[in-house]
Amino acid sequence: MANLPSKQKAVIFNTETNKLSFTTSAALPSSTEEHLIKVHSTAITNGELTWAPFVNWPTLHIPCYDVSGTILTSVQNSKFQVGDEIYGRIHAGREGSACEYATILPSETALVPKGLNMIHAASVPMSALTAWQAIFEQGGLCSAPYVSDAGEIFGGQAKEKRVLVLGAAGGVGLLAVQFARIAGAWVAGTASAKNEVYLKEVGVDEVVDYTKVSVEEWVGGEENKKFDLVFDCVGKQSMLDGWFGVKDNGAYVSIVPGFKEPDGGKPKGVKSVWFVMDSRGEELEAIGRFIGKGLVKTTVDSVYKIGDYEQAFAKTASGHARGKVVINIGGDNE
Ligand SMILES: NC(=O)c1ccc[n+]([C@@H]2O[C@H](COP(=O)([O-])OP(=O)(O)OC[C@H]3O[C@@H](n4cnc5c(N)ncnc54)[C@H](OP(=O)(O)O)[C@@H]3O)[C@@H](O)[C@H]2O)c1
């Protein structure tokens, strides 16, 4: 193993003061069950600093669970080897990757697809796994598609289906709309006007500008404008408005805390579900095949250095990042 320093740079979240800080003297992690990795980049998830009540963080905790990096230690029975360039999503109950050296379970890990740079790789795992599980598992749009080495797409037959993604320009939304398109669905997404051209480029059929029209107004009570699957990545009033877009016997999936059914009840036969994503390396590998073949586009809103962590967290918290905010920790400026 390469010579390691005794201390490392890290962003620290204090769960008692709810404040972030920066240190150059954090301890290096060690684990026999997890790979030690040299972190290239990490990404922030909007709202992640509010998760303390649901996880068992120590008072001083390293945030950020999306990571790209290089494996430094081997783990028994792991298919990954020292030197592999990997990405993955670390479970939020453990220490994160806003630091130079982090650990990740083999089951959370996948090789970075060819052609995807390490900054973009860090933007993918949490959002991609959440979107994939929302569309194909929780939302039941159709079976998950698969792409062969020759670039042929199998499965994922949703040609007659309509999907609406609320918050289509966010990290999760941008991948969700592309997954639904790959499966053949007709896809609409809510976003402000500045994101319309970009969303059309990634395959969205109709952009609903939420600053001008609500889902209720856009649907106008017409049954044929309603959706088989509505996926909420925004919450609050937008989540309630989304109910006007769900067909009878359709599905409404949300990932934002506070999900509820409308006063007066939900449409007939609708499956409604709020869920927390599961970190699965093998699923990430399957998704990565689409990215590697250029069939799914990744989106990095902005890249910060670790010392500029406050600006990075503020950008995410603005709620208006297009795709993910990434912190480049140990990498060059690809
Ligand atoms: N349950 C889980 O497992 C799970 C996993 C991952 C994420 N999440 C949660 O999912 C949510 C979304 O996260 P994210 O990373 O995708 O994105 P995000 O950073 O929360 O969203 C940013 C995007 O939201 C758009 N937006 C803001 N207000 C909107 C509105 N009223 N209607 C439509 N779009 C709006 C913005 O577009 P404009 O600039 O055009 O307004 C921007 O592109 C967060 O709350 C996060 O905590 C949950």
I'm trying to understand the selection: among the residues of the range 230-270, which are in a strand (DSSP E or B), under 18 Å from Ser214 (Cβ atoms) and of a type in the set (S, T, N, Q)? Ser254
Pairs only if they're at least six apart or on different chains, beta carbon under 7 angstrom, first in the range 8-34 and closer than 18 Å to Ala52 by Cα, second among the aromatic types (Phe, Trp, Tyr) and surrounded by 16 or more Cβ atoms within 10 Å (Cβ to Cβ); list them, first residue then second. Val11/Tyr309; Thr15/Trp57; Leu20/Phe13; Leu20/Tyr309; Leu20/Phe313
Among the residues of the range 278-287, is there at least one that is within 15 Å of the ligand (Cβ to nearest atom) and surrounded by fewer than 16 Cβ atoms within 10 Å (Cβ to Cβ)? yes
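Quick grid of which residues meet (1) under 30 Å from Phe22 (Cβ atoms); (2) in contact with a strand residue (DSSP E or B) (Cβ under 8 Å, 6 or more places away or on another chain):
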residue	(1), (2)
Asp263	no, no
Gly269	no, yes
Ser272	no, yes
Asp278	no, no
Ala286	no, yes
Lys293	no, yes
Thr299	yes, yes
Gln311	yes, yes
Under 7 Å between Cβ atoms, which residue pairs at least 6 apart in sequence (or on different chains) link something in the range 98-115 that is on the phi > 0 side of the Ramachandran plot with a partner that is modelled with pLDDT of 95 or more and surrounded by fewer than 23 Cβ atoms within 10 Å (Cβ to Cβ)? Gly115/Gly292
By residue number, the members of the range 211-243 that are of a type outside the set (Val, Ile, Thr), within 14 Å of the ligand (Cβ to nearest atom) and surrounded by 21 or more Cβ atoms within 10 Å (Cβ to Cβ) are Phe231, Asp232, Cys233, Met239, Asp241, Gly242
List the residue pairs whose Cβ atoms are under 8 Å apart, where the first residue sits in the range 139-152 and is within 19 Å of Gly294 (Cβ to Cβ), the second is in a strand (DSSP E or B) and modelled with pLDDT under 95, and the two are 6 or more positions apart or on different chains. Pro145/Ile153; Pro145/Phe154; Tyr146/Ile153; Tyr146/Phe154; Val147/Ile153; Val147/Phe154; Ser148/Phe154
Is it true that some residue in the range 45-66 is touching a strand residue (DSSP E or B) at 6+ places or on another chain (Cβ under 9 Å), small (Gly, Ala, Ser) and within 25 Å of Ser6 (Cβ to Cβ)? no
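The values are calculated or read from the model by the stated rules, or taken from the named source; none is laboratory data. What you see is a predicted model, and the numbers here were worked out from it, not measured in a lab. Note that we place each Cβ from the backbone using ideal geometry, even for glycine, and neighbour counts take in every protein chain shown.
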